[in-house]
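Novice: Just dropping this structure here.
The values are calculated or read from the model by the stated rules, or taken from the named source; none is laboratory data. Values in this document were obtained by computation on a predicted structure and should not be read as measured data. Glycine gets a Cβ as well: all are built from the backbone with ideal geometry, and neighbour counts include every protein chain shown. Keep in mind that these areas ignore ligands, DNA and RNA; they rest on the heavy atoms of the full protein, side chains included. Shrake-Rupley method; radii C 1.70, N 1.55, O 1.52, S 1.80 Å.
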Amino acid sequence: MTQAVPYPAEGSDPSQYVRVREKGARDVSYPDAPEPLAVPVYDNHAHLEIEDGVGLSLDEQLARAGDVGVVGVVQAGGDIESSRWSAWAAASHPRVLAAVAIHPNEAPAYAAAGRLDEAIAVIDELAAQPRVRAIGETGLDFFRTGEEGLAAQFESFEAHIALAKKHGVAMQIHDRDAHDAVLETLERVGAPDRTVFHCFSGDEAMAEIARERGYYLSFAGNITFKNAQNLRDALKVTPRERILVETDAPFLTPAPHRGRPNAPYLIPVTVRFLAEELGADLDELSAQIAANTLAVYGAFED
């Protein structure tokens, strides 16, 4: 869980916008940096406005990432405030691109307040900016939202699909306990040309469907968890040209650092794990993941 905070007033410094993750009894020290990758890659999905533990500034996050061969980050929004910050971060930093959206768990609250149309209009406006390269994260979440919120989730998801098509950008999908409904919606409405399952959580059978439809699967640190055999099975049937990697920072820190703060500089841990699972050459897989990322989002540096 994170603490909601107001976005800085017009004319103030957007870099001061921070959300704080609840710490609880976790170890909130950042892990040591892994061995750098020889071939650079990108973090396909992160939430760098969320402070975890001691916290790192955006510049510190990018510097640490660059030191280990992670040369760009797609910063994802989930409400009006974080989407505005994501667009600002991308406009201000050549190694950041933005994804903007109303998260499926936020859509029912906007709808209840009579503000869902207004919120989607803000996302539409932000998506017109040149360094906003994706609509996301959007989708369906049947884990946190009950029956009363599902209509708003579907309405929001379909509106976001339309925005991705309108602006000719990629779409990052949040799918939690809603695999069949997400796949059905994409088939019924028509998926954008570049559709990414952020933090893919399905199984081999779902990955086979994604392969048939040309979707991209983005794997996060949870693929390293002992109870995630479904993700490892899915990875092995995913075409190399459809594999992406992400942190979902500050969440889903890969083993052996599970529970501690996550950050883009830890991407090499997950990439090495993917290479081992696939029996792939690390440099070749890194190059493929980098090429896939650029194919989905375009160049980071203009």
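Novice: Being more than 28 Å from residue 24 (Cα to Cα), part of a loop (DSSP other than H, G, I, E, B) and open to solvent by 20 Å² or more (accessible area, probe 1.4 Å) is the filter here; which residues of the stretch 36-74 pass it?
Specialist: Those that are more than 28 Å from residue 24 (Cα to Cα), part of a loop (DSSP other than H, G, I, E, B) and open to solvent by 20 Å² or more (accessible area, probe 1.4 Å): 36, 38, 39, 40.
Novice: Limited to the stretch 96-131, what total is found for residues that are within 20 Å of the chain's Cα centre (by Cα) and crowded, with 17+ Cβ neighbours inside 10 Å?
Specialist: Of the residues in the stretch 96-131, 20 are within 20 Å of the chain's Cα centre (by Cα) and crowded, with 17+ Cβ neighbours inside 10 Å.
Novice: Residue pairs, Cβ under 7 Å, 6 or more apart or interchain, first in the stretch 278-302 and surrounded by fewer than 22 Cβ atoms within 10 Å (Cβ to Cβ), second among the charged types (D, E, K, R) and part of a helix (DSSP H, G or I). List them.
Specialist: 278/236; 282/272; 288/240; 288/241
Novice: Go through the stretch 127-146 residue by residue and tally those that are at pLDDT 95 or above and among the basic types (Lys, Arg).
Specialist: Counting residues in the stretch 127-146 that are at pLDDT 95 or above and among the basic types (Lys, Arg) gives 2.
Novice: A further question on this structure: Are any residues in the stretch 152-177 farther than 17 Å from residue 76 by Cα and either of a type in the set (S, T, N, Q) or buried (at least 24 other Cβ atoms within 10 Å of the Cβ) (or both), and if so, which ones?
Specialist: 153 - this is the single residue of the stretch 152-177 that is farther than 17 Å from residue 76 by Cα and either of a type in the set (S, T, N, Q) or buried (at least 24 other Cβ atoms within 10 Å of the Cβ) (or both).
Novice: Now, a different point. So is residue 129 in contact (Cβ under 8 Å) with a residue 40 or more places away in the chain and over 17 Å from residue 214 (Cβ atoms) or not?
Specialist: Answer is yes for this residue.
Novice: Considering only the stretch 193-206, state which residues are free of Cβ contacts under 8 Å to residues at least 60 places away in the same chain and surrounded by 24 or more Cβ atoms within 10 Å (Cβ to Cβ).
Specialist: 197, 200
Novice: Continuing with the same structure: Would you please name the residue that is nearest to the chain's Cα centre (by Cα), looking only at residues in the stretch 193-229 that are within 14 Å of residue 274 (Cα to Cα) and among the polar types (S, T, N, Q)?
Specialist: Filtering the stretch 193-229 for residues that are within 14 Å of residue 274 (Cα to Cα) and among the polar types (S, T, N, Q), the one nearest to the chain's Cα centre (by Cα) comes out as 218.
Novice: Which numbered condition trips up residue 264, out of (1) free of Cβ contacts under 8 Å to residues at least 60 places away in the same chain; (2) surrounded by 19 or more Cβ atoms within 10 Å (Cβ to Cβ)?
Specialist: Of (1) free of Cβ contacts under 8 Å to residues at least 60 places away in the same chain; (2) surrounded by 19 or more Cβ atoms within 10 Å (Cβ to Cβ), only one is false for residue 264: (1).
Novice: Separate question: Which helices (runs of 4 or more DSSP H) sit wholly inside the stretch 200-294 and have at least 1 residues that are under 25 Å from residue 28 (Cα atoms)?
Specialist: 267-278
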